[in-house]
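Undergrad: This is the structure I have questions about; it appears just below.
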Amino acid sequence: MAILAQDERPSEEGVAAGGQRGTVVLRGVTKRFGATTAVDHIDLTIPGGSYVVLLGPSGCGKTTLLRMIGGHEMADAGDILLDGVRLNDVPAAQRDISTVFQHYALFPHKTVAENVEFGLKMRGLPPAEREQRVSEALEFMDLSNLRDRFPKQLSGGQQQRVALARALVTQPTVLLLDEPLGDLDRLLQLRMRVELRTLQRRLRISFIHVTHNQEEALAIADQIVVMENGQIKQVGSPQDVYRRPSNLFTASFMGDNNILAGRVLSIDGDVVEVVCDGLRLRTSGVPHALTVDQPVHASIRAATVRVRPEATAATDLPPNCVAARATFIEYLGDIVKLHCQTASGLSLIAKLPESDTSWQHIREDETDLVLYWDDADVQLLTA
């Protein structure tokens, strides 16, 4: 099938030896709108054939960066390369890149087949080849029985599949997706996450996906690029970004991390103790140099905090333990979230699996608890 034939294309001189098609390299890419810098000197390599998610809050520059890769915005500075070829002056229609826009941008007066055919028509392909490719794309996306319908006659999921078919029918080496799940209801989002990931693995082309949804990024990406204020804050696998945030913004943005401000109390080899509002924390293997009394932030994922009902004097507890009470119990189905507070007013969150029935015996503002976690669960942040 033509839409799957990416590995059958001849390699180009621009592809580095041993590299895979669809490698995108950004060097110092910058975009300004008046006095506002939307994208600020971005350096990034997106490996060919990978699924990369640009993740960040609204206004962080992720969509602007995506539009520059696709040629829908021009960079004010820096270089954008695809397989070693500089794209800065190449029009969007001539780049080997397709885009699925946030609201799909389907033509309401065209049928499904006509929407999918549009890009091929603009490229001047002969009618017979256009028909063959459109039929293959519709079959691939399970849309053959909808080819004569108009967009208003389709569900949200069907419209998205039409937009994907239209983007893929031109056989790009890179597919850009701008908030592709944002207009779908929760159940359809979960289904389409699986479909997108499966599609990318079948096609073996680069997917660059923009979202503000942390769960979506963690579920779908090979690599996450966390952005804030036009800059990259961290790049890594979903596990690295979630478990080992390298800075305060990433730790805060990735959700349900207990972020505590404190100072270094002692350093003994690779073991570091920190005090945060009277709470002693201990960790080891810190990847950066620290000094005693240095201000730091500690990040402890809520999912690593364990709970036992117990009345204990705070002074009797070792590091990484604290006495508290649950002020609010949030039942979320598979997960139960305990919002806790210590006697000094420190707020902490613990996330327990619903199957851990110990939470059922906890009463808000009544039950004395001990919260505890392992040394390895404490991440120290200096940035």
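The values are calculated or read from the model by the stated rules, or taken from the named source; none is laboratory data. All values reported here derive from a predicted model rather than from experimental measurement. All Cβ positions, even for glycine, are placed from backbone atoms using ideal geometry, and neighbour counts span all protein chains on display.
Undergrad: It is to be established whether one or more residues within the range 211-227 are in contact with a Cys (Cβ under 9 Å, 6 or more places away or on another chain), in a loop (DSSP other than H, G, I, E, B) and either within 13 Å of Leu44 (Cα to Cα) or in contact (Cβ under 8 Å) with a residue 60 or more places away in the chain (or both).
TA: The answer is yes; a qualifying residue exists.
Undergrad: Is it the case that the range 208-216 has a residue that's under 18 Å from Gly48 (Cβ atoms) and of a type outside the set (Ser, Thr, Tyr)? Even if it seems obvious, please write down each step before you answer.
TA: Taking the range 208-216 as the starting set, the residues that turn out to be under 18 Å from Gly48 (Cβ atoms) are 208-209.
Imposing the further condition that a residue be of a type outside the set (Ser, Thr, Tyr) reduces the set to 208-209.
Yes - at least one qualifying residue is present in the range 208-216.
Undergrad: Follow-up. If you take the residues of the range 281-321 that are hydrophobic (A, V, I, L, M, F, W, C) and touching a helix residue (DSSP H, G or I) at 6+ places or on another chain (Cβ under 7 Å), which of them is farthest from Leu369 (Cα to Cα)?
TA: Our first condition is that a residue be hydrophobic (A, V, I, L, M, F, W, C); within the range 281-321, this holds for 281, 286, 289-290, 292, 296, 298, 300, 302-303, 305, 307, 311, 313-314, 317, 321.
Imposing the further condition that a residue be touching a helix residue (DSSP H, G or I) at 6+ places or on another chain (Cβ under 7 Å) reduces the set to 300, 307.
On the way: Ile300: 18, Val307: 7 Å.
For the range 281-321, the residue satisfying everything is Ile300.
Undergrad: Follow-up question, since we're still on this one. Among the candidates Thr45, Thr36, which residue alone is more than 17 Å from the chain's Cα centre (by Cα), surrounded by fewer than 20 Cβ atoms within 10 Å (Cβ to Cβ) and β-branched (Val, Ile, Thr)?
TA: Working: Thr45 fails: more than 17 Å from the chain's Cα centre (by Cα).
Every option except Thr36 fails the conditions.
Undergrad: Among the residues of the range 253-272 satisfying the criterion of being at pLDDT below 95, at negative phi and under 20 Å from the mean Cα position of the chain (by Cα), which is surrounded by the fewest Cβ atoms within 10 Å (Cβ to Cβ)?
TA: By that ranking, first place goes to Met254.
Undergrad: With in contact with a Leu (Cβ under 9 Å, 6 or more places away or on another chain), surrounded by fewer than 20 Cβ atoms within 10 Å (Cβ to Cβ) and of a type in the set (Gly, Ala, Ser) as the only criterion, which of Ala343, Ala303, Ala350, Ala289 stands out? First the steps, then the outcome.
TA: Details: Ala343 fails: in contact with a Leu (Cβ under 9 Å, 6 or more places away or on another chain); Ala350 fails: surrounded by fewer than 20 Cβ atoms within 10 Å (Cβ to Cβ); Ala289 fails: in contact with a Leu (Cβ under 9 Å, 6 or more places away or on another chain).
The match here is Ala303.
Undergrad: Considering the range 213-238 alone, what residues qualify as being farther than 17 Å from Leu381 by Cα and polar (S, T, N, Q)?
TA: Once the filter is applied, which keeps residues that are farther than 17 Å from Leu381 by Cα and polar (S, T, N, Q), the range 213-238 yields Asn213, Gln214, Gln223, Asn229, Gln231, Ser237.
Undergrad: Condition test on Glu366, is it at pLDDT 95 or above and not in a helix (DSSP H, G or I)?
TA: Working: at pLDDT 95 or above: no; not in a helix (DSSP H, G or I): yes.
Answer is no for this residue.
Undergrad: Additional query: Select from the range 369-380 the residues that are outside any strand (DSSP E or B) and either of a type in the set (Lys, Arg) or touching a helix residue (DSSP H, G or I) at 6+ places or on another chain (Cβ under 8 Å) (or both) and write down the one among them that is surrounded by the fewest Cβ atoms within 10 Å (Cβ to Cβ). Outline the logic, then answer.
TA: Taking the range 369-380 as the starting set, the residues that turn out to be outside any strand (DSSP E or B) are 373-377.
The next check asks that each one be either of a type in the set (Lys, Arg) or touching a helix residue (DSSP H, G or I) at 6+ places or on another chain (Cβ under 8 Å) (or both); those that pass are 373-374, 377.
Numbers: Trp373: 21, Asp374: 12, Asp377: 19.
Of everything passing the filter in the range 369-380, Asp374 is surrounded by the fewest Cβ atoms within 10 Å (Cβ to Cβ).
Undergrad: Here is a follow-up. Of the residues Val85, Val29, only one is at pLDDT 95 or above, surrounded by 14 or more Cβ atoms within 10 Å (Cβ to Cβ) and more than 24 Å from the chain's Cα centre (by Cα); which? Even if it seems obvious, please write down each step before you answer.
TA: Details: Val29 fails: more than 24 Å from the chain's Cα centre (by Cα).
Only one candidate qualifies: Val85.
For every residue, the table says whether it meets (1) surrounded by fewer than 17 Cβ atoms within 10 Å (Cβ to Cβ); (2) of a type in the set (Val, Ile, Thr).
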residue: Asp142; (1), (2): yes, no
residue: Arg161; (1), (2): no, no
residue: Leu184; (1), (2): no, no
residue: Arg191; (1), (2): yes, no
residue: Arg202; (1), (2): yes, no
residue: Val210; (1), (2): no, yes
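Undergrad: Let me ask another. What do you reckon, is Asp277 touching a Gly at 6+ places or on another chain (Cβ under 8 Å) and on the phi > 0 side of the Ramachandran plot?
TA: Details: touching a Gly at 6+ places or on another chain (Cβ under 8 Å): yes; on the phi > 0 side of the Ramachandran plot: yes.
Yes; evaluated as a whole, the condition is true for this residue.
Undergrad: Among the residues in the range 179-199, are any modelled with pLDDT under 90, small (Gly, Ala, Ser) and outside the structural domain of Asp83 (by TED's automatic domain parsing)?
TA: No; the residues of the range 179-199 include none that is modelled with pLDDT under 90, small (Gly, Ala, Ser) and outside the structural domain of Asp83 (by TED's automatic domain parsing).
Undergrad: Next up: Quick test for you: out of Ile97, Ile46, Ile69, Ile42, pick the one residue that is farther than 23 Å from Ala167 by Cα and either touching a residue at least 24 places away in the same chain (Cβ under 8 Å) or β-branched (Val, Ile, Thr) (or both). If you could, list the steps in order and put the result at the bottom.
TA: Values: Ile97 fails: farther than 23 Å from Ala167 by Cα; Ile46 fails: farther than 23 Å from Ala167 by Cα; Ile69 fails: farther than 23 Å from Ala167 by Cα.
So the residue among Ile97, Ile46, Ile69, Ile42 that is farther than 23 Å from Ala167 by Cα and either touching a residue at least 24 places away in the same chain (Cβ under 8 Å) or β-branched (Val, Ile, Thr) (or both) is Ile42.
Undergrad: Restricting to the range 236-259, name every residue that is aliphatic (A, V, I, L, M) and farther than 17 Å from His288 by Cβ. Give the derivation first.
TA: Step one: of the range 236-259, the residues aliphatic (A, V, I, L, M) are 241, 248, 251, 254, 259.
Across the range 236-259, the qualifying residues are Val241, Met254, Ile259.
Undergrad: Free of Cβ contacts under 8 Å to residues at least 40 places away in the same chain and either closer than 21 Å to Glu273 by Cα or part of a helix (DSSP H, G or I) (or both), is that true of Gln341?
TA: Details: free of Cβ contacts under 8 Å to residues at least 40 places away in the same chain: yes; either closer than 21 Å to Glu273 by Cα or part of a helix (DSSP H, G or I) (or both): no.
Criteria not met by Gln341.
Undergrad: Within the range 146-156, which residues are within 25 Å of His72 (Cα to Cα) and surrounded by fewer than 18 Cβ atoms within 10 Å (Cβ to Cβ)? Before the answer, list the steps.
TA: The initial filter retains those residues of the range 146-156 that are within 25 Å of His72 (Cα to Cα), namely 151, 156.
The answer is Gly156, and nothing else.
Undergrad: Would you mind finding the one in Val24, Val15, Val53 that is closer than 30 Å to Arg133 by Cα, surrounded by 22 or more Cβ atoms within 10 Å (Cβ to Cβ) and either modelled with pLDDT under 95 or touching a Phe, Trp or Tyr at 6+ places or on another chain (Cβ under 9 Å) (or both)? Can you show your working first?
TA: Details: Val24 fails: either modelled with pLDDT under 95 or touching a Phe, Trp or Tyr at 6+ places or on another chain (Cβ under 9 Å) (or both); Val15 fails: surrounded by 22 or more Cβ atoms within 10 Å (Cβ to Cβ).
Just a single option satisfies the conditions, and that option is Val53.
Undergrad: Considering Val286, Val226, which residue is hydrophobic (A, V, I, L, M, F, W, C), under 26 Å from the mean Cα position of the chain (by Cα) and in the same structural domain as Gly48 (by TED's automatic domain parsing)? It would help to see each step written out before you state the result.
TA: Working: Val286 fails: in the same structural domain as Gly48 (by TED's automatic domain parsing).
None of the other options fit; the residue is Val226.
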